Amino acid sequence: MKRRRLARGVGVVLSLTMLHACDWMPGRPTPAARPVNPSEVTDFATLYSQNCAGCHGRNGHFGGALPLNNPAYLAIVDDASMHEGAANGIAGTSMPAFAIGSGGMLTDQQITIIVNGIRSRWGSGQPAFSGAPPYASQTEGDPTHGAKLYGDYCASCHGNNGTGEPAGAIDDPSFLALYNNQALRTLIIAGRPDLGHPGWRDYVGKAPLNSAQVSDLVAWLAANAGREPPQNRTRADLHHDGRAGRVQNRTTMSESPETATDESRQTAEASRAATSNRRSFLLRAALLLNALVLAAFAIPIAGYLLAPLRRAGFLKWISLGPIGSFPENQTRLAVYTNPFRTPWDGTTVEIPCWVRRLNGDSFQVFATNCSHLGCPVRWFPESELFMCPCHGGTFHADGERASGPPPRALYQYPYKVNNGELWVKAGEMPLMTSPKA
Amino acid sequence: MKVQLAKLSAWPRSIGEWMRLRLAAPQLPNDDGFRVPSSSISWSYVFGSAIFVVLLLELVTGLCLALVYSPSADNAWQSLLYLNYQQPFGWYLRALHGWGSNFLVALIILHLIQVFVLGAYKYPREMTWIGGVLLLLLTLAMALTGEVLRFDQEAYWDLAIGFSLAGRTPLIGAHLVHFLMGGPIIAGATLARMFTLHVLVLPAAILVLTGLHLLLVYRLGISEWPMPGRLVKRDTYLAEYRALVEREGEPLIPNGLRKDLIFAGLIVLALMVTAAIMGPKGPNGAPNPSIIQTRPHPDFYFLWMEALMGLLPAWLDTIFALIVLPILLLGLLALPLISPTGERHLLRRPLSMVVAIVVLTVLVTTTWLGTYDPWSPDMNAWSGTPIPVAYLKGRTPLEMQGAILIQAKQCRNCHSLDGTGGMRGPALDTVATRLTRNELIRQILQGGGNMPGYGKALRPAEVDAIVAFLMTMHPANEPPARSSARPADAGG
């Protein structure tokens, strides 16, 4: 008895432990693992690592582009300029636009989070750089003076007349074509402490550069720019009815055993035949009735099941909004609500499309479904390519195939411009056997 | 096993007897019941019962999930999150159901391989095999519809891929797809159809077929272990089998039951532990097609299909999916009609052996490739995967601009540096040892192979910078490639 009671007690304790153990099982989803829409991500680390780290480095420095993890830079730049650069890109440099309104994928709130995060994470130590020349140039630079300054400050690393060793030429017209004046100014003032480029006051044995001198240097560099390397290429415009009812095999009544006399046999036979005729007639009538009823029953069922096929195509003219919201020579994402819907369809009716405005009223509107197997293609304005995430298919800006498995160009919707509004004829998922364009 | 109703007493001595008369139920198989050859009491034969146990588990967990899940397109995703985070043990039941389906498919495949290897599909068990293959197809259909019920972004796009493939059927493609979707797009009607299939139609078909399958196993006996030289012949097999059972037969219950129970118990335990450690799958992002930043991935049993679609040349896609695959399936179904008699031992069936090895190798390799799908570009590499720091040190300003452009122009989405970045194209770490400067410029501007041409999107300065950077991509002790058309002392 004692052993049984002990066993029971152990069993109870074990069960209770296991019930509670489920709380800390490694497989249990944590709140942090909750799926979040990309436009609702608010964590600075996530936003930075997905959008900025590629060029600016994993920790804000040691990337190809100017380091953000540089208190000297953060001391001279204001939040508005950083926000503007991230949102709308920086013309004359490789910095792309990230705001949705400018063709990117981040909301304004997310860009603000990034800017604030950069400052709070890497901005300590800014006071030490309070004497730096201001971010924006305030004087007209003098190239001749700039040339002399170059010889004093820069030539020891970038070679005489900017042509070479040991740190590499900065007089290169290709290099200067990829850097704008503000970027040059920022680099000269803030330097690149991660890769060893001195800031405005780090030149050994030289006086710190002041704002006018920086402007002069930039002016001298800019005078050497504007000479694109010789190439004969121009920049192109930078898309049953089934009827149920089987008739069963007819069955007949089996003969009953014979009676004694011929006469009674004849009468019995006659009456049997009559009975058999009536019975088989009734059976046949019953089967026919059921067959008719089944056939009648099948009609509404078939009609119900085949309902999705009855319409002669699912196409309607749908408005994508005023053409003013589509800048010329750009491709932007537009979303329309599919008109063929039921109230409980949820977000599945928000159908996106890529709208490419050529100029004026000339458009191309592409379905996002890749022509290979239907995955959503993504437009990259920097490389002017649509890229599909599933099997690596790519398309040019006009929708033609560029590489990979897609067997044809992107599907296009017929469009029209009515009263300054862009309309497309859409409503069904594009397929190889029913393409719309 | 006819019930001797007359022999049962009208005054029963136990509840069992009372029930037996009123249910007209036969006696349970006892020691003299179902006898099988002793070589059939083998560990190789345990998979079938494990499948049945896991199937029951799936039914039970599925029923529990259906009590909370909302199969309406505007609520399904929210109900999945509710199951994960608020329903007590909801996450665990989701994990059991999801991992259970993986285990079920794996066990069915093992069972198929075992039956194939042992030649147990031959006379007179052809219908057992055909029923089994149909069960495999039904289970895969359950897996597919079940994945759709986890109605998130991945499910949405996997459906889109499936429908796009089906839409390639000539003549009826569009109508077929509209019928399957229940409308012009993937929406509430599609989810409702998948739910009906997954909860009502397919389980009923599976239960009926499983019952028939088990009945056939009972009626036709469990096949004996094959011996080389012991041929299956239509005139003699049944008599031989019966004689074998007479000679060395053992009751399946309890002798075989022991091994079945141990294996089934271990499998269920493994399933419970896996579910507790790995947790439920998803749901991932909301099923909103306007969220463009997405990368769909099928569940593991369809990774081989994804790999083949990604690796086959475009013109073979349709032929493979709509012609080759159905023919292979038909071949699998009709296997016992192709070779119903003859040798059963694998070593005397060289064609079967070769076919099995080839098919398994292809499936395993493509599934493994599908787990990390190298043919898919990494859509976030351009903005999220920086250039390795070692490649930035000691570079000139122009080369630094090239490094920036390799990010900004999305080159990293397809090309890796130091093992990071996309794998669609070749790694660029040693590209300068393979291509000269002119060859690099041509490749970038015109594309080729799986690479698009960038000519329209790059200015001459940008090409200059990118190529300058790429020309530094060679090991220190290896010189860059040079054109074979020039003398050795001139540049490349």
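Where a number appears in this text, it was derived from the coordinates with a stated rule and is not lab data. Computed from a predicted model, the values in this text were never measured in an experiment. Methodologically, a virtual Cβ is constructed for each residue, glycine included, from the backbone with ideal geometry; neighbour enumeration extends over all protein chains shown.
Please list B:447-455, A:199-207 highest first by mean number of surrounding beta-carbon atoms within 10 Å per residue.
On the way: B:447-455: 17.3, A:199-207: 13.6.
Most protected by this proxy first, the peptides run B:447-455, A:199-207.
Using r as the Cβ-Cβ distance of A:Thr275 and B:Asp235, and R0 as 45 Å, what FRET efficiency do you calculate, to the nearest 0.05?
Working: r = 49 Å, r/R0 = 1.08.
After rounding to 0.05, the efficiency reads 0.40.
Rounded, prolate or oblate: which one fits region A:308-437, using the alpha carbon gyration tensor with axes a ≥ b ≥ c (rounded when a/c is under 1.5, else prolate when a/b beats b/c, else oblate)? Can you show the working numbers first?
Details: a/c = 1.72, a/b = 1.10, b/c = 1.56.
Because a/c hits 1.5 or more and a/b fails to exceed b/c, region A:308-437 counts as oblate.
Which aspartates and glutamates does B:Lys393 reach when only Cα atoms under 13 Å apart count, and residues fewer than 8 places away in its own chain are ignored?
Within reach: A:Asp194.
Under the definition of Cα pairs under 8 Å and six or more residues apart, what whole-number percent is the relative contact order of region B:362-484?
Numbers: 164 pairs, mean separation 33.1, N = 123.
Normalised by residue count, the contact order of region B:362-484 is 27 percent.
Between region A:61-140 and region B:96-145, how many Å separate their Cα centres?
Cα centroid of region A:61-140 versus Cα centroid of region B:96-145: 59 Å apart.
Which ³J(HN,Hα) values, rounded to whole Hz and listed in residue order, are derived for region B:472-477 from phi using the Karplus coefficients 6.51, -1.76 and 1.60 in 6.51 cos²θ - 1.76 cosθ + 1.60 with θ = phi - 60°, glycine and proline given as x?
Working through the residues one at a time gives 8, 7, 8, x, 4, 8 Hz.
What does the average come to when, for each residue of peptide B:191-197, you count the partner chain Cβ atoms lying within 10 Å of its Cβ?
Values: counts 4, 2, 1, 0, 0, 0, 0.
Shielding by partners across B:191-197 averages 1.
Output wanted: per-residue J couplings in Hz (rounded whole) for region A:78-91, from phi through Karplus 6.51 cos²θ - 1.76 cosθ + 1.60, θ = phi - 60°, x for Gly and Pro.
Per-residue couplings from phi come out as 9, 4, 4, 5, 5, 4, 4, x, 5, 6, 10, x, 10, 5 Hz.
Extending each Cα 7 Å along its Cβ direction at B:Val389 and A:Ala302, get the distance between those two points in nm, one decimal.
Between B:Val389 and A:Ala302, the simple spin-label model gives 7.4 nm.
So who's got an amide H within less than 5 Å of the one on A:Gly191, skipping anything under 5 residues away but keeping other chains? H placed 1.01 Å off N, in plane.
Amide H neighbours of A:Gly191: A:Trp200.
Can you show me the helix-derived [θ] at 222 nm for the protein assembly as shown, built from DSSP H runs with n ≥ 4 at -39,500 (n - 2.57) apiece and divided by the number of residues, rounded to the nearest 500.
Numbers: 33 runs with 414 residues, N = 929.
-14000 deg cm²/dmol, from helical runs alone.
State whether region B:38-180 is rounded, prolate or oblate according to the following rule on the C-alpha gyration tensor (a ≥ b ≥ c being the square roots of its eigenvalues): a/c under 1.5 gives rounded; otherwise a/b larger than b/c gives prolate, and the remaining case gives oblate. Intermediate results must be reported in sequence, preceding the final value.
Working: a/c = 3.21, a/b = 1.33, b/c = 2.41.
Note, shape of region B:38-180 comes out oblate.
For the pair B:Ala427 and B:Leu21, how long in nm is the line joining their label points, each one 7 Å along Cα→Cβ?
Between B:Ala427 and B:Leu21, the simple spin-label model gives 8.2 nm.
For the peptides B:244-251, B:84-91, what is the packing order when you average, over each peptide's residues, the other Cβ atoms within 10 Å and list the highest mean first?
Sorting B:244-251, B:84-91 by mean packing, highest first, produces B:84-91, B:244-251.
Take the alpha-carbon centre of region B:376-420, take the same for region B:431-492, and report the distance between them in whole Å.
Region B:376-420 and region B:431-492 have Cα centres spaced 16 Å from each other.
What's the FRET efficiency of A:Ala223 with B:Gln78 using the Cβ-Cβ distance as r and R₀ = 56 Å, to the nearest 0.05?
Values: r = 62 Å, r/R0 = 1.11.
The value I calculate is 0.35.
For A:Tyr203 and B:Leu445, what is the calculated FRET efficiency with R₀ set at 45 Å and r taken between the beta-carbons, to the nearest 0.05?
Working: r = 41 Å, r/R0 = 0.90.
So the FRET efficiency works out to roughly 0.65.
Take every residue in peptide B:160-167, count the Cβ atoms of other chains within 10 Å of its Cβ, and give the average of those counts. Intermediate results must be reported in sequence, preceding the final value.
Details: counts 8, 8, 2, 5, 11, 5, 2, 9.
Average per residue, whole number: 6.
I'd like the GluC sites (Glu not before Pro) in region A:260-368 restricted to DSSP loop residues with at most 14 other Cβ atoms within 10 Å, sorted by number.
Values: sites: A:Glu263, A:Glu269, A:Glu328, A:Glu350; in loops: A:Glu328.
Hits after loop and neighbour filter: A:Glu328.
Please sort through the DSSP H helices of chain B and keep those with an alpha-carbon extent of at least 30 Å along the long axis and a Kyte-Doolittle average not below 0.5. Show your work: numbers first, answer last.
On the way: long enough: B:90-117 (40 Å, 1.25); B:126-149 (34 Å, 1.65); B:257-278 (31 Å, 1.90); B:350-372 (34 Å, 1.74).
Those that pass (Cα extent of 30 Å or more, hydropathy at least 0.5) are B:90-117, B:126-149, B:257-278, B:350-372.
Using Cα pairs under 8 angstrom and six or more residues apart, how large is the relative contact order of region A:316-426, in percent?
Working: 232 pairs, mean separation 30.3, N = 111.
Worked out over region A:316-426, it gives 27 percent.
Taking each residue of A:54-60 in turn, how many C-beta atoms of other protein chains fall within 10 Å of its C-beta, and what is the average? Please report the intermediate quantities before stating the final value.
Working: counts 15, 12, 4, 4, 4, 1, 0.
Partner-chain Cβ atoms within 10 Å, mean over residues of A:54-60: 6.
Does region A:143-224 classify as rounded, prolate or oblate by the C-alpha gyration tensor (a ≥ b ≥ c root eigenvalues; a/c under 1.5 gives rounded; else a/b over b/c gives prolate, otherwise oblate)? Spell out each step's value before the answer.
Numbers: a/c = 1.24, a/b = 1.15, b/c = 1.08.
Because its axes are fairly even, with a/c under 1.5, region A:143-224 counts as rounded.
Starting with the highest mean, order A:366-372, B:390-396, A:51-57, A:342-348 by the number of other Cβ atoms within 10 Å, averaged over the residues of each peptide. Display every interim value, and only then the final one.
Values: A:366-372: 25.9, B:390-396: 16.6, A:51-57: 23.7, A:342-348: 18.6.
Taking the mean over residues of other Cβ atoms within 10 Å, the ranking is A:366-372, A:51-57, A:342-348, B:390-396.
Please report the relative contact order for region A:143-224, taking Cα pairs under 8 Å with a sequence separation of at least 6, and give it as a percent rounded to a whole number.
Values: 95 pairs, mean separation 30.0, N = 82.
Relative contact order, region A:143-224: 37 percent.
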